[in-house]
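Presented below is the structure to which this report refers.
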Amino acid sequence: MRILTTICRILVGALFIVSGLVKANDPLGFSYKLIEYFEVFGMPWLKEAALLLAMSICVFEVLCGVLMLTGTKMKLFSWLILLMIMFFTFLTFYSAYFNKVTDCGCFGDALKSIFGRSLTPWESFIKDIVLLILIVPIFISRNRIHSIFSPTVDILAIVISTLLTTWFTVNCYRHLPWIDFRPYAKGKSIPEGMLLPPNAKRDSVQMVFIYAKGGKQVELSEKDVMTVDSTYIFVDRKDKIIRQGDKAAIHDFSITNPDGEDITQQILTHSGYTFLLVCYNVNKTDKDVQPAINEFVAHSRKDSVDFFGLTGSALQDVDNFRHDVGAMYDYCTTDETTLRTMIRSNPGLMVLKNGVVIDMWHSNDLPTYEEFKEKYITK
C-alpha cells in the first residue's frame, strides 16, 4: 500500500503542477473558460470575479502538487484535493452529457498546440475519473503520510511555492504568456492555420425535415418522412451535424472594414508590414496607452505602413471611442472571441507580414515606432 500511495502521490502531484503552471501561463484565457462555465450554470454574477478565481486556482493547483510530492499537510490537503477533483468530475460529466462546454480548459491551449486538438468532453471526464482513482489511496493513507522535510522547510516550501506561482501568474497577465500555445503566436502563419490537414475528418451531416403536428414542431429523418400522414405540416428542411469533424486551428478569422468590405485576404497577403491593434471591446480597453498608440500611428504613416484597429464593438461605440481618444485610424470588425484569442491584451498590438505574425505586444509593453523600426526594418 505504501508503494502504491507513493506512486499515486508522484503522478497526482506532477499532474497538478503541470496543469496549474499551464493555466498560470495564460490566466486571462483560463478566466474566459471559467466564464463559459458560469454561463452554463446560470451564475453570470461571477463573471467579474473570473480573473481572480482563475489566478487563485492556478496558485492552489501548483501548491497542492508541491505538497503532494513532499507529503506536507496531507491530512488537510488530501481532503481539499479530493473535494476539488470530485467537483471538477461533476463539471466535466455535466458538460459531456449535456454537451455544454466542449473544451474543459484543463491544460489551456497546450494540448491543441502539441497534439492538434484538446480533450473532448468525455475524455476530460475520463481524465478526472482516473485522477479520482489515484487520489483515493492517498486519501485513505493520509494519516500515515509524513513530510520528507522538517516543519521549517515545509513552511518555506508553502510560502515559496505560493509566492513564485503568484508572481508568475500575475506577470503573464500583465504582459503576455511566456509560452504562447495559441495559433496566432509569434512566428505562426495565419493562412496556414486556416487550412485543414489532408487527413482531417469532416463533419457528419444528416438531412432533417421539420414538420408541425398538434402545435409542436418535430424533426424527422428521410426514413421517417415516408411514414407521415396528412396531420403533419411541412415547415422546413435543414442539414444537422451528427458528429463534429476536425476544425482548422484558425477557423473564424475575418476582417471587415467600415464600408462592409471583407479585407481579410488583402491583409494576409500584403508583402509589407501591417499593424493590427486588437481591441475586442472599446468600452473595456485601457485608454491610458492611447496617446502612445496615436504617436505610433503618426510615425508609421510616414513610412506608409498600414495600421488597422480590430474590434468586436458596435459601430456607434467605436465612433464615440475614436472621438474621445483622437484615434486617426480605421477600426475594422472582427469576431470578439477571435480577438480575445489573438492576443491576451485589450488593446494589444500585432504586426503581420505575408500573413505571418512577426511580433506582438501587450499594452504594458508597447514599443515606440522607432524601436520597432530599428529592430525589424533598419537592421
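Charging the Cβ of each Asp and Glu at -1 and of each Lys and Arg at +1, and nothing else, the dipole of the chain about its Cα centre rounds to 1700 debye. Size descriptors for the chain (Cα atoms only): Rg and Dmax, in that order, 25.2, 82 Å.
Ordering Phe321, Gln206, Pro258 by Cα displacement along the dipole of the chain toward the positive end leaves Gln206 in first place; charges were set at the Cβ atoms of Lys, Arg (+1) and Asp, Glu (-1).
Considering helices alone, the calculated mean residue ellipticity of the chain at 222 nm is -15500 deg cm²/dmol, with DSSP H runs of length four and up weighted by -39500 (n - 2.57) and normalised per residue. Of all complete DSSP H helices in the chain, those with a Cα span along the helix axis of 27 Å or greater and a mean Kyte-Doolittle hydropathy of -0.5 or more are 2-24, 50-70, 74-98, 121-140, 151-174. Projecting the Cα positions of Tyr369, Phe307, Leu164 onto the charge dipole of the chain (unit charges on Cβ atoms of Lys, Arg, Asp and Glu, taken about the Cα centre) puts Leu164 furthest along the positive direction.
Arrange the peptides 174-183, 264-273, 38-47, 74-83 so that the one whose residues have, on average, the most other Cβ atoms within 10 Å appears first.
Descending mean neighbour count gives 174-183, 74-83, 264-273, 38-47.
Take every pair of alpha-carbon atoms less than 8 Å apart whose residues are at least six positions apart; their mean separation over the length of the chain yields a relative contact order of 16 percent.
Residues whose amide H falls under 5 Å from that of Met194, counting only those 5 or more places apart or on a different chain, are Ile250, with hydrogens built in the peptide plane.
Every number in this text was worked out from the coordinates using simple rules, so none of it is lab data. What you are looking at is a predicted structure, and each value in this text was computed from that prediction instead of being measured. Don't worry about glycine lacking a Cβ; one is built from the backbone with ideal geometry, like all the others, and counts go over all protein chains shown.
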